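> This is the structure I have questions about; it appears just below.
Any read-out appearing in this document is the output of simple, stated calculations on the displayed coordinates, not a laboratory observation. Just so we're clear, the structure is a prediction, and the values are computed from it rather than from any experiment. So basically every Cβ, Gly included, is an ideal-geometry build from the backbone, and we count neighbours across all protein chains shown.
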Amino acid sequence: MVSIQGLSKAFGGLQAVNQCSFDIPAGGITGLIGPNGAGKTTLFSMVAGAVRPDSGKILLDGEDVTGLPTHKLFRKGLVRTFQIPHEFSRMTVRENLMVVPPGQSGENLISALLAPGRVRAQEQAVRQKVDDVLDFLQITHVANELAGNLSGGQKKLLELGRTMMTEARMVLLDEPGAGVNRTLLGKLADAILRLNHERGYTFCIIEHDMDLIARLCQPVVVMAHGRVIAEGSMDDIRRNEEVREAYLGGHAARKLDEDAKP
Amino acid sequence: MSIDLSGLASYGVFLLTLAAIYGVVSLALNVQWGMTGLFNIGIAGFYAIGAYCAAIVTTPPSPSHLGGLGLPFGVGLLVAMAVSGLVAFLVGLLTLKLREDYLAIATIGISEIIRLVLKNEDWIGNGVRGIAGIARPLSANPLVYLAVVLLVLAATYLAVERARKSPWGRVLRALRENELGAQAAGKNIYRFRMEAFVLGSMIMGLGGALYAHFIGFVSPEAFEPVFATFLVWVMLIAGGSGNNKGAVLGAFVIWLVWSGTELLTNQLPADYVTQGSALRVLLIGVLLQVILLRRPEGLLPEERPHVGASPASSAEAEDEA
């Protein structure tokens with residue numbers, strides 16, 4: 001679905017992403033893991049059109065989309081969420097979701113002023129869709145709450161909800177589980193799985209919670225120091241020496257092995 | 001002290017007319033700042049463009065300045081809006097893709113350039129001598145003109161309020177709240193910013209045109225930042241940024257305070273009048289500080305549009321409960 005080919009990005013002297021290549025297969029849930037500072041979020045930002053790569057290519061269904069702005073990628077069905085939720089704080093949860101659907105006729109100033117009837121009809125349809133999404137995520141009870149007042153976990157659900165308000169096909173989730181309590185995390189994982197199975201969303205997920213990755217993701221891609229160092233199933237990754245080195249340092253990894261021996 | 005009733009009445013009409021014109025400009029700033037978060041501190045520039053356009057388009061032919069096209073009042077208003085909008089579009093092209101502070105610097109720079117060009121390029125608007133003889137529409141009677149201005153204010157309010165409540169206004173608020181979030185929600189934030197900036201500036205131009213026809217005379221000194229930019233900001237902040245009713249209310253309240261203090265300082269002995277008028281500016285500054293500290297949301301805080309659940313689902317919710 002998405003093919004990342006030799007992507008690089010430097011910020012000043014820091015090579016954040018260095019010649020990264022991997023594929024995000026259609027219909028799957030790909031995990032993207034790696035220690036802090038490995039370049040995962042920068043990679044996401046490039047794929048989502050928020051940061052321009054220095055070199056390399058991004059293909060979406062075979063089409064070169066490198067350097068396209070976020071709103072154009074959005075129209076092609078590629079949507080991202082943020083590690084730190086970017087909700088519209090002084091708007092209600094419902095409004096936060098109502099903003100999202102593309103091509104609303106009321107977003108055109110002229111029709112907003114001159115064709116209120118058509119706008120109203122469309123608003124009704126958007127509102128119905130919001131109700132469905134709120135229901136799916138089980139956050140209907142906070143629909144009229146200001147988004148800024150939600151808990152961290154609820155904001156994460158709202159971020160996910162945003163991706164459901166459009167005809168998304170490829171969703172990039174940046175640490176959906178960070179700061180989310182266990183109960184809510186289960187709900188979140190269920191929602192992701194359901195979206196994958198029922199609606200055919202392709203996901204790519206950055207996450208530090210290995211249980212979540214193990215439960216959801218296949219394949220898993222590991223990054224360190226801006227490079228892809230491993231790719232495969234979670235079991236392959238667990239056994240990979242280089243990955244353990246990157247995460248724990250070689251000595252600690254060996255010690256862990258010795259401790260594990262009976 | 002004897003009170004001259006007819007004098008008082010005509011002063012009242014004068015006060016209300018200017019307050020209503022400021023109301024139009026305050027609504028314009030609310031589109032840019034209150035709804036979208038665009039920091040325009042060059043209101044005076046767009047106000048001046050509107051005023052001069054009206055003067056040039058509607059006055060009879062004259063060798064002392066550009067134009068003198070002798071066209072009707074309505075045409076003057078439209079030209080004022082079109083030219084202000086065009087200038088805003090050009091400023092926007094240069095600045096709206098940059099970080100927001102650049103817009104502030106650019107707008108204050110542009111507005112000062114406009115004022116200085118009008119002052120020094122005599123062929124445009126007769127330099128510091130200005131353009132006189134700008135007629136009021138329909139009748140010279142100030143009451144008639146007050147009615148015209150109130151009508152324009154009402155129409156502007158209704159249009160801006162409809163825009164605010166529409167999905168267009170919702171995107172503006174979203175992008176004011178969180179630019180990256182709006183981007184991730186698929187919005188072309190540059191386009192929306194541009195539209196809000198141009199629309200607001202057009203309305204500022206409209207306000208300038210109304211002002212020119214009211215006073216009947218325009219000259220560069222009327223567009224000093226204190227009167228045409230700073231005062232409007234105080235009006236919007238005091239009235240309630242983000243709330244169109246607040247924007248209008250703020251214009252009337254602050255204009256009454258501002259004019260009221262002028263009456264007071266005029267009572268001072270001649271030696272103190274100059275100091276007195278400087279104190280008025282200070283007073284408005286202090287007032288702004290007090291508002292920001294004690295009631296930052298203004299007299300009428302931004303209202304949340306009511307977006308209740310759709311009828312079907314709220315019925316379901318009740319069933320569940």
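> Where q = 0.09, 0.10 Å⁻¹, what log10 of I(q)/I(0) comes from the Debye formula for region B:64-198, counting one point per Cα?
Values returned for q = 0.09, 0.10 Å⁻¹ are -0.42, -0.51.
> About its Cα centre, how strong a charge dipole does region A:88-149 have in debye, to the nearest 20, once Lys and Arg get +1 and Asp and Glu get -1 at the Cβ? All intermediate terms of the calculation are to be shown ahead of the outcome.
Details: 6 positive and 7 negative charges, 39 e Å.
For region A:88-149, the charge dipole is close to 180 debye.
> Kirkwood Rh over alpha-carbon pairs of chain B, then Stokes-Einstein at 4 °C and 1.567 mPa s: what D in µm² s⁻¹, rounded to an integer?
Rounded to a whole number, D works out at 62 µm²/s.
> Sticking with this one: Determine, for B:Val83, B:Val149, the number of other Cβ atoms within 10 Å of each Cβ, and report the residues in order from fewest to most.
Values: B:Val83 20, B:Val149 23.
Fewest-to-most ranking of B:Val83, B:Val149: B:Val83, B:Val149.
> Another one. Over region B:46-107, one equal point on each Cα, no solvent: what is log10 I(q)/I(0) by the Debye formula at q = 0.16, 0.20, 0.23, 0.26 Å⁻¹?
Log10 I(q)/I(0), no solvent term: -0.58, -0.73, -0.84, -0.96.
> A further question follows. For a quick check, take a GNM of chain A with Cα springs below 10 Å and name the residue from A:Leu78, A:Leu188, A:Leu114 with the largest mean-square fluctuation.
A:Leu114
> Give me the dipole magnitude in Debye, nearest 20, for region A:1-79 about the Cα centre, with unit charges on the beta carbon: positive for Lys and Arg, negative for Asp and Glu.
Values: 7 positive and 5 negative charges, 46 e Å.
I would put it at about 220 debye.
> In nanometres, what is the gap between the two model label sites at B:Lys245 and B:Glu100, each 7 Å from Cα along Cα-to-Cβ?
Here the modelled spin labels are 2.6 nm apart.
> Considering only B:Ser62, B:Ser84, B:Ser241, give the residue with the highest GNM mean-square fluctuation for chain B, with springs between Cα atoms whenever their separation is below 10 Å.
Largest GNM mean-square fluctuation: B:Ser62.
> To continue, here is another question. Where in chain A lies the longest segment free of GluC sites (Glu not before Pro) that are both loop residues by DSSP (not H, G, I, E, B) and have at most 14 other Cβ atoms within 10 Å?
Numbers: sites that count: A:Glu145, A:Glu167.
The answer is A:1-144.
> Along the charge dipole of the protein assembly as shown, which of B:Trp233, B:Tyr102, B:Ala270 sits closest to the positive end, that is, farthest toward it, with unit charges on the beta carbon of Lys, Arg, Asp and Glu (+1, +1, -1, -1)?
Of the options given, the answer is B:Ala270.
> While we're on this one: Please find, in a Gaussian network model of chain A (springs between Cα atoms separated by less than 10 Å), the residue of A:His197, A:His225, A:His208 whose mean-square fluctuation is greatest.
Among A:His197, A:His225, A:His208, the largest mean-square fluctuation in the Gaussian network model of chain A belongs to A:His197.
> Measure nothing but the geometry: give the 0 to 90° angle between the long axis through the Cα atoms of A:250-260 and the longest principal axis through the Cα atoms of chain A, rounded to 10°.
80
> Put one equal scatterer on each alpha carbon of the protein assembly as shown, apply the Debye formula with no solvent term, and list log10 I(q)/I(0) at q = 0.07, 0.11, 0.12 1/Å to two decimals.
-0.54, -1.02, -1.13
> Same structure again: Specify, per residue and in Å³, the volume enclosed by the convex hull of the alpha carbon atoms belonging to chain A.
Numbers: hull volume 38.2 nm³, N = 262.
With only Cα atoms used, chain A gives 146 Å³ per residue.
> Need one number: nm distance between label points at B:Glu262 and B:Asp122, each 7 Å from Cα along Cα→Cβ, rounded to one decimal.
3.0
> How large is the helix-only mean residue ellipticity at 222 nm for chain B, computed as the sum of -39500 (n - 2.57) over DSSP H runs with n ≥ 4, divided by its residue count, in deg cm²/dmol to the nearest 500?
The helix-only estimate for chain B comes to -23000 deg cm²/dmol at 222 nm.
> Would you work out which of A:Val221, B:Val281, B:Gly45 lies farthest towards the positive end of the dipole of the protein assembly as shown, given +1 charges on the beta-carbon of Lys and Arg and -1 on that of Asp and Glu, about the Cα centre?
B:Gly45
> Separate question: How compact is region B:122-207 by the rule of thumb for globular proteins, expressed as Cα Rg over 2.2 N^0.38 Å?
Here the answer is 1.59, to two decimals.
> Here is a follow-up. Using r as the Cβ-Cβ distance of B:Asn141 and B:Leu71, and R0 as 35 Å, what FRET efficiency do you calculate, to the nearest 0.05? Let's see the in-between values first.
Details: r = 22 Å, r/R0 = 0.62.
Here the calculated transfer efficiency is 0.95.
> Checking a compactness column here: for region A:88-149, what do you get for Rg(Cα) / (2.2 N^0.38 Å), N being the number of residues?
On the way: Rg = 12.6 Å, N = 62, 2.2 N^0.38 = 10.6 Å.
Normalised Rg, Cα atoms only: 1.20.
> Using a cut-off of 13 Å between alpha-carbon atoms, which aspartates and glutamates can reach A:Lys9, once sequence neighbours fewer than 8 places away in the same chain are excluded?
The qualifying aspartates and glutamates are A:Asp54.
> Can you give the Rg/Rh ratio of region A:167-231, where Rg is from the C-alpha atoms and Rh is the Kirkwood radius?
0.98
> May I pose another question? Per residue of B:190-198, count partner chain C-beta atoms within 10 Å of its C-beta, then hand back the mean as an integer. Can you show the working numbers first?
On the way: counts 2, 2, 2, 0, 0, 4, 1, 0, 1.
For this peptide, the per-residue mean of nearby foreign Cβ atoms is 1.
> If you don't mind, another one. With viscosity set to 0.890 mPa s and temperature to 25 °C, compute the Stokes-Einstein D of region A:135-187, Rh being the Kirkwood radius across alpha carbon pairs; µm²/s, no decimals.
Values: Rh = 11.9 Å.
Result for D is 207 µm²/s.
> Turning to a different aspect of this structure: Between A:Asn149 and A:Gln5, what is 0.36 nm times their sequence separation minus the Cα-Cα distance? Round to one decimal in nm. Numbers along the way, then the final one.
Details: separation 144, 0.36 × 144 = 51.84 nm, distance 4.07 nm.
The A:Asn149-A:Gln5 span can extend by a further 47.8 nm.
> So which lysines pass the test for A:Lys155, namely a Cα distance under 19 Å, with those fewer than 8 places away in the same chain ruled out?
A:Lys129, A:Lys187
> Using modelled backbone amide H atoms (1.01 Å from N, in-plane), which distant-in-sequence or interchain residues come within less than 5 Å of A:Ala16's amide H?
Amide H neighbours of A:Ala16: A:Lys9, A:Ala10, A:Phe11.
> On to the next question. So between B:Leu279 and B:Glu221, what do we pick up on full extension, going 0.36 nm a residue minus the alpha carbon distance?
18.9 nm is the gain from fully extending B:Leu279 to B:Glu221.
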